[in-house]
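So the structure is just underneath, and the comments pick up after that.
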Amino acid sequence: MKPPVAIVGASIRSAAASAVRAGFQPLAADLFADADLRRIATATRISPYPEGFLDWLRAVEPPAWMYTGALENHPELVDQMAWIAPLLGNPGDVLERVRSPWALAAVLGTAGLLFPETRESSEGLPEDDSWLMKTYRGASGSGVRVWSSEGGTASGEEAEPQRYCYQKRVRGIPCAAVFVASEGRAQWLGITRQLIGEPWLRSNGFQYSGSIGPWPVSAATRETLERLGNVLSEQFELVGLFGIDFILDGEDVWPIEVNPRYTASVEIVERCTGMSAIVAHVAACGGPAGNPAPVRREAPCHGKAILFATRDLVVSQAF
């Protein structure tokens, strides 16, 4: 019998599919409970979000649970849920620290690694598209805008002005690296190229709209990424799957943020490598063993894209 594992987040379809391939029975709760999810899991649409996860978890009583985006923005809720059932992932205090740009800047600077210049105030900043306003409380590019005194170019949800920090913009290729952490060490799993604000997908600004992998990098860049993963794992006491969004400028790696959970790139990395990231995640967190099925590697490159609807529509059965 497949061991059950509860998975929660804003959208958990890809994580549930990974869990099925890993030999688990996913108990799913998110904002959508969409048709694809209901085909493979017992799915519940959560309302209100995210507070509704508490009552759902009490009702389901799973042996263990994990989260996807954007529960990292609710560390107190994560800790409350961890009192109800064992958490396979990072607790609230870890989320608070690793999601702080100030903590990241301090840790990476001490280790001799790059991090964009970040300020608390916009005073004296040029309005030439060279600085960004960021909340570090969004997901999929929400809460990021180009700085200007008139408000700039927004991406996704608006946030309260006092919650913004100001970060020097880095030009290059947007990428993401996936790791699994255990006992202060990180195992590098793969790299993807991120699609950001693609007009052909009707996205804009800094909206995440897809991933392509594996993305080729030099040996020097991979060495930097592996060191970066180990520094973050050790200094922030990370456990299980985590991702690093970064800008690749030649061979320079500029970390932008850390996502301490199952990320959007994981399913691409799984298909590129044939490995089970969920098995690695659960094992790193001390959870029950699954029974992974082989992941088919039918092509040397894999990708996904999110098409943003410009109006309300019905996806018909014929489609």
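The values are calculated or read from the model by the stated rules, or taken from the named source; none is laboratory data. Bear in mind that the values here come from a model prediction, so they are computed numbers and not experimental data. Here Cβ is always computed from backbone atoms with ideal geometry, including for glycine, and neighbour counts include all displayed protein chains. Calculation scope for accessible area: heavy atoms of the full protein, side chains included, ligands and nucleic acids excluded. Shrake-Rupley method; radii C 1.70, N 1.55, O 1.52, S 1.80 Å.
Shown for segment 1-134 is the translational diffusion coefficient from the Stokes-Einstein equation, using the Kirkwood radius over Cα pairs, a temperature of 4 °C and a viscosity of 1.567 mPa s: 77 µm²/s.
At the listed q of 0.17, 0.22 Å⁻¹, the Debye profile of segment 219-316, built from one uniform point per Cα, gives log10 I(q)/I(0) equal to -0.99, -1.27. In segment 1-76, the ratio of gyration radius to Kirkwood radius, Rg to Rh, stands at 0.93 when only Cα atoms are counted. For segment 226-319, what relative contact order do you get, as a whole percent, if you take Cα pairs closer than 8 Å and at least 6 residues apart? Relative contact order for segment 226-319 comes out at 21 percent.
Per residue, the average separation of C-alpha pairs within less than 8 Å and at least 6 apart gives the chain a relative contact order of 18 percent. For the set L71, L54, the ranking by accessible area, highest first and with no ligand, DNA or RNA atoms included, is L54, L71 under a 1.4 Å probe. Just round it to a whole percent: the fraction of Cα-Cα distances in the chain exceeding 36 Å. Tail of P(r) above 36 Å: 15 percent of Cα pairs. With each label modelled as a point 7 angstrom along the Cα→C-beta vector, the D252-E183 pair spans 3.7 nm. Think of it as helices only: each DSSP H run of n ≥ 4 in the chain is worth -39500 (n - 2.57), and spread over all residues that comes to -7500 deg cm²/dmol at 222 nm. The residues of the chain have, on average, 48 Å² of accessible surface per residue, using a 1.4 Å probe with all protein chains present. The value of relative contact order for segment 1-120, using C-alpha pairs under 8 Å at least six residues apart, is 21 percent.
Between L114 and L54, the modelled label-to-label distance comes to 4.3 nm, taking each label 7 Å out from Cα in the direction of the beta carbon. Over the chain, with every protein chain in place, what whole percent of the accessible area is carbon and sulfur at 1.4 Å, could you tell me? C and S fraction of accessible area: 51 percent.
The label-point distance for D129 and D36, in a model that sets each label 7 Å from Cα toward Cβ, rounds to 3.2 nm. The DSSP beta bridges internal to the chain are antiparallel in roughly 75% of cases. For the chain, set up a GNM with springs between Cα atoms under 10 Å and report which of V170, V60, V282 has the largest fluctuation. So, out of V170, V60, V282, the one fluctuating most is V60.
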